[in-house]
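Report on one structure; see the data block that follows.
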Amino acid sequence: MEEAATDPRTGGSTGDVVIPRWRLSVDAAACEGSGCCAGIAPSHFRLEEWISTPINEIVSPDDAVLAAAETCPAEAIRVVDASTGAPVNQ
Amino acid sequence: MERTVLKYPFGEPHRMLLDPMYAHVQEHEPLARVQMPYGEPAWLVTRYADVRAVLGDARFSRAFGRDEPRTVPHANDGGLFSMDPPGHTRIRALVAKAFTVRRVEQLRERTERLADRLVDEMVASGPPLDLVEQFAVPFPVTVMCELLGVPVADRRRFGKWASVIVSTTLSPEKAAEYRARLGLYMRKLVDQRRREPTDADLLGALVQARDNDDRLSEPELMHLSTTLLSVGFETTSAEIPNFVYLLLTEPALRQRLVDEPALLPSAVEEMLRFSPIAAFAMFPRYATVDVELPSGPVRAGEAVLVHTAAANRDPRVFAEPDVIDPGRTPNPHLAFGHGVHHCLGGPLARMELRTMLATLLRHLPGLRLAVTEEEIPWKKRQLIRGPEALPVTW
């Protein structure tokens with residue numbers, strides 16, 4: 001759901017929408033199905049059969065997503081900026 | 001409706017057999033009402049689908065403060081294991097990096113050399129000897145000590161105190177004494193890391209996280225350090241003799257591993273599935289709201305015990321579950337649990353078990369029991385199952 005935002009640089013309103021979005025992905029080959037992610041961020045990850053998958057690929061920033069990526073024993077979760085592709089660091 | 005309440009645990013475990021009551025309730029009472037020696041009654045859940053649902057569902061809590069069903073009179077403070085997200089997540093995230101698959105892989109070469117050295121020492125000692133004493137205990141203890149930054153030379157001292165984690169026979173006074181001693185011991189190590197900060201080992205990194213970043217409190221630091229030390233080896237040191245016992249008593253399994261070394265990782269998974277390392281279900285979860293499990297409803301406030309060893313033998317998921325098939329695929333066993341409390345040491349344990357098997361098979365191809373199966377003493381009245389001693393020869 002997009003809405004007009006305040007430009008953080010000028011404080012004025014802007015027609016360009018600057019809402020940070022993250023892109024989530026799970027490396028299915030690396031995933032071990034531990035379920036840590038779905039336990040920490042149940043609104044973001046779901047296990048299908050034995051493999052985790054993001055419920056939504058593009059999400060608003062959420063600490064729980066970073067926590068899931070940090071605690072994944074297989075380091076299978078990637079979180080990047082949806083527009084630039086730059087990794088989001090914890 | 002009258003429900004029979006079953007006494008739990010069902011009985012003293014026998015070798016590696018799963019008590020037949022588990023198969024019975026798994027089939028006929030997937031939500032079975034049980035009463036442990038202390039604490040309130042609980043549901044016992046044994047089907048794979050239900051166990052996985054309970055462990056993976058954020059609506060079930062592990063938070064402390066209830067009259068938890070248990071086998072000892074005193075309350076079990078599980079530390080990290082008795083916490084829920086987000087508090088749990090905060091602490092877990094601090095240590096998670098040290099135990100990832102990738103990080104553990106970096107330890108493999110060193111671990112292989114350690115295994116080789118232990119076997120060399122066994123060979124120099126000469127047969128027969130106790131594999132538990134000479135390998136199964138020192139191997140994971142040394143790995144964990146080096147990871148944490150604890151002096152390996154102290155292992156006989158803290159080893160005795162660390163047993164408080166798995167014993168069900170220590171009196172409350174003795175348990176408290178051991179915990180206190182372990183705490184004092186860790187206190188000294190933590191203080192030393194304060195005087196000489198380092199991030200070369202996990203303990204140093206945790207002290208820095210506390211002092212520099214205030215990411216955990218002092219009690220959390222102490223509790224976490226003590227837990228990592230004890231639980232870090234009590235389980236693997238029991239699983240090693242379980243695996244070796246299986247190899248030495250199932251010649252077909254052993255021969256397959258000798259003939260097909262590439263099968264080793266898969267064989268480790270299968271033995272993890274098969275070996276019932278937890279003597280009984282413990283660490284209950286509490287439903288925070290009404291939850292509908294695949295097999296039935298659990299009401300808010302009710303305690304649920306899950307037995308992963310029983311789930312690992314569920315014929316609904318594992319064909320011929322009581323047969324050890326080293327090539328079993330897929331093998332989504334729950335030996336390391338599931339969900340936010342999924343065993344932190346899982347990747348480390350896997351690496352150690354694979355290394356142990358490969359080393360023993362390669363260096364001691366003639367390894368065999370030095371006693372009859374009947375003469376092997378098994379742990380009694382502990383939370384962890386396995387041989388107390390494993391006399392071997394070659």
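We did not get these values from a lab; they are worked out from the coordinates using the rules stated. Bear in mind the structure is a predicted one, so any value in this text is a computation, not a measurement. Because the Cβ atoms are built from the backbone with ideal geometry, glycine has one as well, and the counts that use them run over all protein chains shown.
Compute the Rg to Rh ratio over segment B:302-394 from the alpha carbon atoms, using the Kirkwood formula for Rh, and round to two decimal places.
The Rg/Rh ratio comes out at 1.01.
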How big is the C-alpha Rg of segment B:143-269 next to the rule-of-thumb value 2.2 N^0.38 Å, as a ratio? 1.35
Using +1 at the C-beta of Lys and Arg and -1 at the C-beta of Asp and Glu, which of B:Pro219, B:Gly337, B:Ala310 has the Cα lying farthest in the positive direction of the dipole of segment B:6-393? B:Pro219
How do B:Val304, A:Val80 line up, fewest other C-beta atoms within 10 Å first? A:Val80, B:Val304
Using all Cα-Cα distances in segment B:10-129, what percent lands in each 5 angstrom bin from 0 up to the longest? 2, 8, 10, 12, 14, 13, 12, 12, 10, 6, 1
Label model pair B:Arg381, B:Asp259: point-to-point distance (7 angstrom along the Cα→beta-carbon line) in nm is 4.6 nm
Taking the Cα centre as origin and putting +1 on Lys and Arg beta-carbons and -1 on Asp and Glu beta-carbons, what dipole magnitude results for the protein assembly as shown, to the nearest 20 debye? 1040 debye
In Hz, Karplus ³J(HN,Hα) per residue of segment B:385-393 (6.51, -1.76, 1.60; θ = phi - 60°; x = Gly, Pro): 9, x, x, 6, 8, 9, x, 10, 9
Compute the normalised compactness of segment B:236-394: alpha-carbon radius of gyration over 2.2 N^0.38 Å, N being the residue count. 1.16
One checks the Cα atoms of segment B:6-393 and finds Rg and Dmax, in Å, of 20.7, 61
Rounded FRET efficiency, nearest 0.05, which uses the C-beta distance separating B:Gln35 from B:Ala180 and R0 of 30 Å: 0.45
Once fully extended, how much extra length lies between B:Arg195 and B:Glu250, figured as 0.36 nm per residue of separation less the alpha-carbon to alpha-carbon distance? 14.5 nm
Once each part is reduced to its C-alpha centroid, what is the distance from segment B:191-268 to segment B:295-311 in angstrom? 28 Å
Among bridges DSSP assigns within chain B, what percent are antiparallel (round to 5)? 80 percent
In Å, descending, principal axis extents of the Cα set of the protein assembly as shown: 83, 64, 51
P(r) tail fraction, segment B:244-301 - alpha-carbon pairs more than 18 Å apart, %: 57 percent
For a quick check of your reading of the filter: which trypsin sites (Lys or Arg not before Pro) in segment B:1-44 sit in a DSSP loop and have no more than 10 other Cβ atoms within 10 Å? B:Arg3
In segment B:299-394, the trypsin sites (Lys or Arg not before Pro) that sit in a DSSP loop and have at most 13 other Cβ atoms within 10 Å of their own Cβ are B:Arg299, B:Arg316, B:Lys380, B:Arg381
Label points 7 Å out from Cα along the Cβ direction at B:Lys7 and B:Arg102: separation in nm? 5.3 nm
Expressed in nm to one decimal, what extension gain is obtained for the pair B:Asp154 and B:Glu27 from 0.36 nm per residue of sequence separation less their Cα-Cα distance? 41.0 nm
Those chymotrypsin sites (Phe, Trp or Tyr not before Pro) in segment B:244-338 that DSSP places in a loop and that have at most 14 other beta carbons within 10 Å: none
Work out the charge dipole of the protein assembly as shown with +1 on the Cβ of Lys and Arg and -1 on the Cβ of Asp and Glu about the Cα centre, then indicate which of B:Leu253, B:Val95, B:Val72 is farthest towards its positive end. B:Val72
What's the FRET efficiency of B:Thr169 with A:Ala86 using the Cβ-Cβ distance as r and R₀ = 45 Å, to the nearest 0.05? 0.20
Förster radius 45 Å - calculated FRET efficiency between B:Thr393 and A:Glu48 (Cβ-Cβ, nearest 0.05): 0.40
Restricting the calculation to Cα positions, tell me the Rg (one decimal) and the Dmax (whole number) of segment B:201-301 in Å. 20.8, 55
Label-point separation in nm, B:Phe81 to B:Ser125, each point 7 Å along Cα→Cβ: 2.8 nm
